[in-house]
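The values are calculated or read from the model by the stated rules, or taken from the named source; none is laboratory data. This one's a predicted model, so the numbers in the text were calculated from it and none came from an experiment. Cβ placement follows ideal geometry from the backbone for every residue including glycine, while neighbour counts extend to all protein chains displayed.
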Amino acid sequence: MMAPAAEAAIAVAASVIALAPLGAALAASLAKRFALAWTLMLIALAAAAGLALAAALRAPLDPAAAPNPDALGLSLHAAALIAAPTLATCAALAAAACGAWLGPRREAHPAAMTLFGVSAFGWIGAALAHDLLHAALFIQAGWFAAAGLTALRGGQDRAALAAGLRMTLAGAFGAALLTIGIALLARATGGAGIEQVGTAPLGRVGVGGLALTVLALCAYAGLAPVQTWAPAAFGRGEPLIGFLLGAVAPVACLSLVIRLAAAAMRDPGAAFAAQAFIGGLGAAAILYASVQAIGARDLRRMAGYALAAQGGCLLVGASIGGPVAVAAALLQAVNIAIVSMALFAGAALLAGDARLEAIEGLGRRAPLSGAAIAIGSLSLIGAPLTFGFLVRWRLIEAALQAAEWWAAAAQVAASLAAVVYAGRVLERLYLRPGRMDLIPRSAWRVALSPALAAPIAAAVGFGLNASLLWRAALHAGQVLTGAGA
């Protein structure tokens, strides 16, 4: 049993974690200098990350525990014990890296930090949301703030303005799908709670609502083939967009998909349809995104497609059902965040040119950036001694235990495709002479170091020993599937 004071602290932790970047965003809007706005955001997100980790470590691993939502509709539910520390840490590292990219610029404006904070607030809130209605509202905040951040570069690059417009249109379409899907689910189950999805027969109306909701969440997460906004946003937006939409947004959206899939599998009448749709969407994402990643000629675009393929692996795993498969899918969400941070942080060092030619010789010119991209690439492949290997192993193991041979084959195919496009990156990093410029050396450039070192340490560290993370993921799998009730 926990002390009453500790229980009360955990009860309000979810709102504090989500509101920290929003408070920093409001303060940044009043700042006149970028350096002050950046400092405030960094402090707020670092505090949120520390609080999220502390709350996750102190929360009871009791499968019967069901935390009640607070006034904002947030709670540290089972999946949030993994998603919250991951999201807050990624957002803090992204804020630090933002200083390396925008700090030296004369045109750097505090508005960038304001939009960044609002977006981080939205994505963290979506992952912590107790029900779908609150999650949808938080997603809109995170998405449209990110679209504004993408368009903020429109004064220097008209293509960035077009990318922001495309994101706005995609967000509006996704919002329509999400609203209709939630309404259909609410009609079938009697409420917007995610846990309610598995407590009442869904019927055709509920299955249709589930399909629309999952499709909208996958579009926001950037999963192929429904990520029409991703190539322009990753290719033309600031590197900061890669952190937000490559690491933070997918973890938030895909954690909701995992919760929905696990709940739907508890309804015998809807389990087959849910598995067919979610698994089929995941297989399509692996196939389409892998082909596009192989043909990509830009590092950021290749990373976007590669991460979409990894998201497809997550969907395939989540569609299997069962505590082990759900736990493996949650680990894959963490892996996506780690790989995304490694690839986009490494690309941030390039002076606005992320073509694959620009990374030639980067491993010798900038060893830390080269190592981050290399480790991220190896984790995409699922190379031994990386976290990607452990996650891929768990996903295949879950598929084989459930006798879902197609799912195991899909995971293997994703790794084989990654050998092609990730191997091409590794070859350019270390086996070719460098010739492209990097961002200017300045005191701001040091701010990129945490965003480079952290994913390297996480990918290798969890690759060697992820027992604590696996226990938390397995606990979440038991709660979400009802196996521990």
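Figures for the structure shown
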item	result
Residue count for the range 173-206, restricted to those that are β-branched (V, I, T), within 25 Å of the chain's Cα centre (by Cα) and in a helix (DSSP H, G or I)	4
Hey, A211 modelled with pLDDT under 90, in a helix (DSSP H, G or I), closer than 26 Å to A399 by Cβ and not acidic (D, E) or not	no
Pair list, Cβ under 8 Å, 6 or more apart: the range 441-462 residue of a type in the set (A, V, I, L, M) and surrounded by 20 or more Cβ atoms within 10 Å (Cβ to Cβ), other residue outside any helix (DSSP H, G or I) and modelled with pLDDT of 85 or more	A459/T386
Some residue of the range 20-39 being polar (S, T, N, Q), modelled with pLDDT of 85 or more and within 19 Å of A145 (Cβ to Cβ)	yes
Subset of the range 366-387 (residues that are surrounded by 24 or more Cβ atoms within 10 Å (Cβ to Cβ) and outside any helix (DSSP H, G or I))	G382, T386
Subset tally (residues that are in contact with a helix residue (DSSP H, G or I) (Cβ under 8 Å, 6 or more places away or on another chain) and without any contact (Cβ under 8 Å) to a residue 12 or more places away in the chain) for the range 392-418	2
The range 335-365: number of residues that are within 22 Å of I241 (Cα to Cα) and surrounded by fewer than 24 Cβ atoms within 10 Å (Cβ to Cβ)	8
Subset of the range 304-347 [of a type outside the set (A, V, I, L, M) and touching a Cys at 6+ places or on another chain (Cβ under 7 Å)]	Q332
Count of residues meeting criterion [in contact (Cβ under 8 Å) with a residue 40 or more places away in the chain, farther than 27 Å from L244 by Cβ, crowded, with 20+ Cβ neighbours inside 10 Å and not hydrophobic (A, V, I, L, M, F, W, C)] in the range 187-231	2
Cross-chain or 6+ apart pairs with Cβ under 6 Å, the range 356-374 first and touching a residue at least 24 places away in the same chain (Cβ under 8 Å), then small (G, A, S) and not in a helix (DSSP H, G or I)	E360/G434; G361/G434; R365/G434
Residue within the range 255-265 that is aliphatic (A, V, I, L, M), farther than 19 Å from G206 by Cα and part of a helix (DSSP H, G or I) present	no
Condition met for G311 (part of a helix (DSSP H, G or I) and farther than 30 Å from Y430 by Cβ)	no
Qualifying residue in the range 338-354 (condition: touching a residue at least 24 places away in the same chain (Cβ under 8 Å), out of contact with any Phe, Trp or Tyr (no Cβ under 9 Å at 6 or more places or on another chain) and among the hydroxyl-bearing types (S, T, Y))	no
Unique residue being closer than 17 Å to A233 by Cβ, modelled with pLDDT under 80 and either out of contact with any Leu (no Cβ under 7 Å at 6 or more places or on another chain) or assigned to a loop (DSSP other than H, G, I, E, B) (or both) when the list is A147, A170, A159	A159
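Yes or no, residue by residue, for (1) of a type in the set (D, E, K, R); (2) buried (at least 24 other Cβ atoms within 10 Å of the Cβ):
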site	(1), (2)
A247	no, yes
S255	no, yes
D267	yes, no
A274	no, yes
G280	no, no
Y288	no, no
I294	no, no
